[in-house]
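S.K.: Just dropping this structure here.
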Amino acid sequence: MSSLLEVKDLEFSYGEVQVLRGLDLIVEAGKIVCVMGRNGVGKTTLLRNLMGLETLTKGSISIGGKDFTRRPASERATAGIGYVPQGRQIFPRLTVEENLKVGLEAANVKGRATVPDEVYTLFPILWEMRRRRGGDLSGGQQQQLAISRALVTNPSILVLDEPTEGIQPNVIMEIGKVIGELVEERNIAVLLVEQYVDFVREVADSFHVMNRGSFVAQGNTSELDEDMVRKHLSV
Ligand SMILES: Nc1ncnc2c1ncn2[C@@H]1O[C@H](COP(=O)(O)OP(=O)(O)OP(=O)(O)O)[C@@H](O)[C@H]1O
Ligand SMILES: [Mg+2]
């Protein structure tokens, strides 16, 4: 079976407020699946549940065919999920290299104290900037750093939360290219949360549209036409 990530009937509430309702999702190796939807519908909350940063109230999550529903975040990272959170969340006072090492520690990779060279080959700018502090990088460079930090452990599933947010078109294109190459060369699975429709059409294979915590539309990105965008995504 090639489904690396499988979510069944997931529900989640913040206290009394139900945020996610009956979500089913499958991400297979070699595929890029996108979750779209307007602000505040629950996209980030879904990803936090997948990463084990929130605890679902109902449903199940499996990673690589194994049940992880009740497993802590650290075990999910070790099992091969890399996470690029919304807003990047790099450490501004640590250097680029130190930020990347945090990625190794987070996944508890034993005996791997140095950042593998191939991480720097994805975004060469990070090699040039490896001794600079994270906070001194541009927004686009910080996003490249956040993606690289998620990749230091060689994950089989990469989860990205709005990687194009606040970033210039040339860097967006470079990020899209790197994601495409990762899928092609390493056959990883990618779950992408994204509101930038052109980027979704460019990089993703299939999409789900979320509204108020439910998926209300889905299909191949070739079906993502203007009607769909107007109905579900425009503000
Ligand atoms: N820690 C929290 N406690 C209570 N409610 C929260 C918390 N975090 C988010 N929410 C609420 O849960 C809902 C979903 O938020 P979430 O961040 O998942 O949305 P989103 O789709 O990622 O939005 P955006 O596109 O703006 O990033 C929102 O109504 C939000 O206000
Ligand atoms: Mg969000």
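Please treat every number below as a calculation from the coordinates, not as lab data. Remember, predicted model here, so these are calculated numbers, not experimental data. As a convention, Cβ positions derive from the backbone with ideal geometry for all residues, glycine included, and neighbour counts pool all protein chains shown.
S.K.: Report the residue count in region 156-187 for those that are farther than 20 Å from T121 by Cα and away from ligand 2 (no atom under 16 Å from the Cβ).
M.R.: Final tally of qualifying residues: 2.
S.K.: Identify the residue in region 1-53 that is of a type in the set (G, A, S) and free of Cβ contacts under 8 Å to residues at least 12 places away in the same chain and, among all such residues, is nearest to E184 (Cα to Cα).
M.R.: For region 1-53, the residue satisfying everything is G40.
S.K.: Follow-up question, since we're still on this one. For region 93-110, indicate whether the set of residues that are over 20 Å from Q143 (Cα atoms), of a type in the set (K, R) and either part of a loop (DSSP other than H, G, I, E, B) or under 15 Å from the mean Cα position of the chain (by Cα) (or both) is non-empty.
M.R.: yes
S.K.: Tell me, yes or no, whether region 135-147 has at least one residue that is part of a strand (DSSP E or B) and surrounded by 22 or more Cβ atoms within 10 Å (Cβ to Cβ).
M.R.: Within region 135-147 (the criterion being part of a strand (DSSP E or B) and surrounded by 22 or more Cβ atoms within 10 Å (Cβ to Cβ)), the answer is no, since none of the residues qualifies.
S.K.: Grab the strands (runs of 3 or more DSSP E) fully contained in region 1-77, keeping just those with 1 or more residues being hydroxyl-bearing (S, T, Y) and surrounded by fewer than 18 Cβ atoms within 10 Å (Cβ to Cβ).
M.R.: So the answer is 3-14, 58-63.
S.K.: Now for a different question. Within region 158-235, which strands (runs of 3 or more DSSP E) (wholly inside it) include 3 or more residues that are buried (at least 21 other Cβ atoms within 10 Å of the Cβ)?
M.R.: The qualifying strands (runs of 3 or more DSSP E) are 189-193, 206-211.
S.K.: Would you pick out the residues in region 150-170 that are under 15 Å from L46 (Cβ atoms) and of a type outside the set (A, V, I, L, M)?
M.R.: Of the residues in region 150-170, the ones under 15 Å from L46 (Cβ atoms) are 157, 159-162.
Residues satisfying the conditions are D161, E162.
S.K.: Taking only region 13-37 into account, find how many residues are closer than 24 Å to A204 by Cα and within 10 Å of ligand 1 (Cβ to nearest atom).
M.R.: Qualifying residue count, region 13-37: 4.
S.K.: Taking region 78-92 as the region of interest, how many residues are assigned to a loop (DSSP other than H, G, I, E, B), within 16 Å of ligand 1 (Cβ to nearest atom) and in contact with a helix residue (DSSP H, G or I) (Cβ under 8 Å, 6 or more places away or on another chain)?
M.R.: Residues that pass the stated criteria total 4.
S.K.: Quick test of your reading of the structure: D205 fulfils all but one of (1) out of contact with any Lys or Arg (no Cβ under 6 Å at 6 or more places or on another chain); (2) away from ligand 1 (no atom under 16 Å from the Cβ); (3) touching a residue at least 12 places away in the same chain (Cβ under 8 Å). Name the failing condition by number.
M.R.: Of the numbered conditions (1) out of contact with any Lys or Arg (no Cβ under 6 Å at 6 or more places or on another chain); (2) away from ligand 1 (no atom under 16 Å from the Cβ); (3) touching a residue at least 12 places away in the same chain (Cβ under 8 Å), the odd one out for D205 is (1).
S.K.: I would also like to ask the following. Give me a count of the residues in region 30-53 that are away from ligand 2 (no atom under 13 Å from the Cβ) and either over 14 Å from F68 (Cβ atoms) or among the acidic types (D, E) (or both).
M.R.: Here the count works out to 5.
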